[in-house]
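Below: one structure, written as structure tokens.
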Amino acid sequence: MVPIDHVIGLSALLFVIGLVGVMTRRNLIVMLMSIELMLNAVNLAFVGFNRLWPQGPSGVGEASLDGQIFVLTVISVAAAEVAVGLGIVISMFRNRDSVNIDDVSLLRW
Amino acid sequence: MPVEVIVKTLFILIVVIGALAPVMTWTERKQSAVMQDRIGANRADLGGITVLGLLHPLADVVKLLTKEDVVPLGANRIMHLLAPLIAAVPAVIAYGVIPFAGVYTFGQDTISMVVSNADWGLLYIFAIGSIATYGTVMAGWSSNSNWSLLGAMRASAQMISYEVTMGLSVVGIFMVFGTLQLQTMAIEQDATFRILGFLEYLIPGLQLPAFLSAFPFVLPKWGIFLQPLGFLMFLATIMAENKRPPFDVPEGESEIIAGYFTEYSGMRFGLFFMAEFIEVVVIAGLVTTLFLGGWTIPWVSTADFIGVVTPALGEGVATGLCVIVHFLMFMTKVVVMIWLQMSLRWGLPRFRYDHVMDLCWKGILPLSIANIFVTGALLLLLGDAS
Amino acid sequence: MSAPLFLFYVFAALAVVSALGMVLNVRNTVAAAMSLVVTMVSLAGIYVLLAAYLVAAIQIMVYGGAIVVLFLFVVMLLNLHSDEFLPARQRWLKFAGALLGVFLLVEGLRVLGGFHEPPPLPEGFGGYRQLGLSLYTDYLLIVEVISLLLTAAIVGALILAKREID
């Protein structure tokens, strides 16, 4: 049996790696991939908690799959996000010939 | 339990894939020769013995293994070397959930003739199939060649698109059989149904005459009869997924040389080649299990077979005989499906690239969704009539 | 150590190493995307160990089979040059990063100190049947909202990526 504590620890680690990626990389595509990594870390936490408390935090009643439903929701939102995000990447590359986000800082204060 | 799994795995690797895939390279050359009015491969001989050219697969392997393994200048070495493996491995391991015979009871033990009887078997195959895309993409990108890159981009777009429709076109089958487990699906098809039987459910009180329950008016309860449109769509999409002609635009020789594996040589090229042939076997096995009743004998259920043979030979021998007959049945259907794929390969010209995409998004996708609706409506109307 | 536990650590190590490989690989965006695939697939393996079978299959099919392939497709389409890390002018970022790292370390030590065995599960938990049932009864609204969202995303992506709108 897998200890859920370690699953949550792994989830936190992956989330921070993704966060570091978003903050330090300038390539918009890699930033989007890092965001995907963060979403995956959250999914892992959802699945882990769903496994630990199948009946919810109260611990009574029937086993439900709420956590896994959340994961499915997150996955489909991620798919939508990637479609739009990559659309933005392509139009940005077309206009600026670059995917470095420092090149599109016109609206920056 | 582990011993059983290892024995089944070896059986599949040696008998189903190991024997069929090399023979197919020869069959395909022979068939292309027949279609083009040539003689075909017949020269490889071992001390004067040629066996109709059946030694050619052996000669090919020796040739490919002794050839130089070239990595082009400027290529990404690690990815270039890994790509053929990533293309070939999913094709082999997808076979783990396809049943090659039924479930049998020998005294105390019950043996299910499939390596892994996972509850989500078909999903496993789809997941594995989506991993196979990376082999082609990696090969095309890492070769540092424009032809390869073009082939990889065509391949990735085509494979993503057809994955969607492939999944949707078999939803009808899930609904009819109510499971994703391939062994259960095969067992469900181990029965018959009356062609006009649905009338009894539509018109209350109607009793069909008895002759309609006899041979010519009864069909095996196979997926192809319950989901004919699903069968055609699934066959088309899964062939496009394998990038075989007529859907071979990612490797169209007359346009982009060999597409994503232009820069490969030696056994790594051979691995791409073998992956394609193994996938043909997997596709044949999958289509057989989903639509052609898997290992079942048409019109003769397992219980009937064992019941008829037991008085003559005893139950143990009868069950053993049943296993052999079922396996031979499965292999016959697989060979027929392979033959069908090869005939299509040599019988049809290549699609144009935009036609491939149009067929997927404007043809099969709406049709498959309509198929799901119609199937659902019929299931609601008829209950468990079929 | 039991087999599932061993597998979990193997998958966890793979996920962390390849996630680091993705974030730290500045020279080669395609290799970064391939590392992301390894992370996704090892997470799917962990999902199987946690009895989330349908989620594992969907993880591989959607993330592995669609999302990362889209990334690769765009990278190959744009033919990108190598990238570099953020220049040092944002110095507060280093402090923020260091603080976050220390926080994570403390948190991680606390979390990893525990060892909560998950409870036994009812038959069919995490299978497609149960998940589908609750998805199309209790959570039907989510399905509808997502279908709307995906439609909007398709239209949005089309408008963004199209060269000129006629």
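Read-outs: derived from the displayed coordinates by stated rules, not from any lab. The structure presented is a predicted model; accordingly, all values stated were derived computationally and were not measured. No Cβ is skipped: glycine too gets one built from the backbone with ideal geometry, and neighbour counts run over all protein chains shown.
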*Hey, rough spin-label estimate for B:GLU68 and C:VAL17, points 7 angstrom out along Cα→Cβ, what's it come to in nanometres?*
3.4 nm
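Mind sorting C:GLU144, B:GLU188 by how few other Cβ atoms lie within 10 Å of their own Cβ, fewest first? Before the final figure, lay out each step's value.
Values: C:GLU144 10, B:GLU188 20.
Ordered by Cβ neighbours within 10 Å, fewest first: C:GLU144, B:GLU188.
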_Once the Cα gyration tensor of the protein assembly as shown is diagonalised, semi-axes √(5λ) in Å_ = 43, 33, 26
*Which of B:LEU149, B:LEU180, B:LEU65 moves the most in a Gaussian network model of chain B with Cα springs under 10 Å?*
B:LEU65
_Show me, for region C:63-71, the HN-Hα J-couplings you get by feeding each phi into the Karplus relation (A = 6.51, B = -1.76, C = 1.60, θ = phi - 60°), rounded to Hz, glycine and proline as x._
5, x, x, 10, 5, 6, 5, 4, 4
*Distance from region A:1-77 to region C:1-54 (C-alpha centre basis), Å*: 13 Å
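Say R0 is 30 Å: what FRET efficiency, to the nearest 0.05, do B:LEU378 and C:ILE142 get from their beta-carbon distance? Show your work: numbers first, answer last.
Numbers: r = 28 Å, r/R0 = 0.94.
Taking R0 as 30 Å, the efficiency between B:LEU378 and C:ILE142 is 0.60.
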*Obtain the nm distance between the two label points defined at B:ILE49 and B:LEU348 by a simple spin-label model: each point lies 7 Å from its Cα along the Cα-to-C-beta direction.*
4.0 nm
*Would you mind checking which residues have amide H under 5 Å from B:PHE193's amide H? H placed 1.01 Å from N; only 5 or more apart, or other chain.*
B:LEU219, B:LYS221
*First measure r as the distance between the Cβ atoms of B:THR9 and B:LEU313, then evaluate 1/(1 + (r/R0)^6) with R0 = 30 Å and state the FRET efficiency to the nearest 0.05.*
0.50
*Other chains' Cβ within 10 Å of A:41-49 residues: what's the mean?*
4
*Within straight cross-link reach of B:LYS221, meaning Cα distance under 15 Å, which aspartates and glutamates are found once same-chain residues fewer than 8 apart are removed?*
B:GLU188, B:ASP190, B:ASP384
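As a test, work out the antiparallel percent of DSSP beta bridges whose residues both lie in the protein assembly as shown, rounded to the nearest 5.
On the way: 11 of 11 bridges.
In the protein assembly as shown, DSSP labels about 100 percent of beta bridges as antiparallel.
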*When chain A is modelled as a GNM with alpha-carbon springs shorter than 10 Å, which of A:PHE49, A:PHE93, A:PHE15 fluctuates the most?*
A:PHE93
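According to the Cα gyration tensor, what semi-axes, each the square root of 5 times an eigenvalue, does the equivalent ellipsoid of region C:127-166 have, listed from largest to smallest in whole Å? List each step's numbers first, then the result.
On the way: eigenvalues 220, 19, 4 Å².
Ellipsoid half-lengths, sorted descending, are 33, 10, 5 Å.
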*With Rg and the Kirkwood Rh both taken from Cα atoms, where does Rg over Rh land for region B:68-382?*
1.04
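If we count other beta carbons within 10 Å of each Cβ, what is the order of B:LEU321, B:LEU182, fewest first? Working shown, then result.
Numbers: B:LEU321 15, B:LEU182 25.
By the 10 Å Cβ count, ascending: B:LEU321, B:LEU182.
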*region B:279-314 residues near the modelled B:VAL336 label - backbone nitrogen below 14 Å, point 7 Å along Cα→Cβ*: B:284-285, B:287-300
*How high is the relative contact order of region B:68-382, in percent, counting Cα pairs under 8 Å that sit 6 or more residues apart?*
27 percent
*asked:* Quick check: Cα centre of region B:138-186 to Cα centre of region B:229-296, how many Å?
replied: 10 Å
*Tell me which lysines have Cα within less than 24 Å of B:LYS8's Cα, excluding those fewer than 8 residues away on the same chain?*
B:LYS333
*For B:LEU229 and C:THR151, what does the FRET efficiency come to when R0 = 35 Å and r is the distance between their Cβ atoms, rounded to the nearest 0.05?*
0.85
